[in-house]
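Each reported figure results from applying straightforward, stated rules to the coordinates on display, with no laboratory input. Note that this is a predicted model, so its numbers are computed, not measured. Note that we place each Cβ from the backbone using ideal geometry, even for glycine, and neighbour counts take in every protein chain shown.
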């Protein structure tokens, strides 16, 4: 196989400060590097999970909106594995982030739920 692993996922946000706070404080990702690019009036934020680079968060002036959720062409959702889904629900509720009711995956029997990032990108939490 010529591919080793997924290197990172790139996300474009509409409000950098809001998305930066969401991905670092609500989701809990670590900042590896943050770069302001004056020529494009944009930011690039490299984020890690448990020390592993996973998300590249970009801001650009006036990016187009996502056409629909979650059936638009492109990335359907971003999923994070968690040990305890009830802890995630408690944390999201404490941050006043809307979270869907817990569901059961019909194929695996595992619990999962969704929230949305500040731009409406679906974020899934899937219990281990």
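Pairing the Cα long axis of helix 85-94 with the longest principal axis of the chain, what angle in degrees results, from 0 to 90 and rounded to the nearest 10?
Taking the Cα atoms of the chain, the angle to 85-94 is about 50 degrees.
Which shape class, rounded, prolate or oblate, goes with the range 76-128 when its Cα gyration tensor gives a ≥ b ≥ c as root eigenvalues, a/c under 1.5 marks rounded, and past that a/b bigger than b/c marks prolate?
oblate
For the chain, what does the relative contact order come out to in percent, with C-alpha contacts under 8 Å and a separation of six or more?
22
Just check the chain against the gyration tensor rule for me: Cα atoms, a ≥ b ≥ c as the square roots of the eigenvalues, rounded for a/c under 1.5, and otherwise prolate or oblate depending on whether a/b exceeds b/c.
Prolate shape, in that a/c is at least 1.5 and a/b is the bigger ratio.
Rounded, prolate or oblate: which one fits the range 1-62, using the alpha carbon gyration tensor with axes a ≥ b ≥ c (rounded when a/c is under 1.5, else prolate when a/b beats b/c, else oblate)?
Cα axes put the range 1-62 in the oblate bin.
Tell me, 105, 46 in order of fewest to most beta-carbon neighbours within 10 Å? Write down the numbers at each step before the final one.
Numbers: 105 11, 46 17.
By the 10 Å Cβ count, ascending: 105, 46.
In whole percent, what relative contact order does the range 1-62 give with Cα contacts below 8 Å and a gap of six or more residues?
Relative contact order of the range 1-62: 38 percent.
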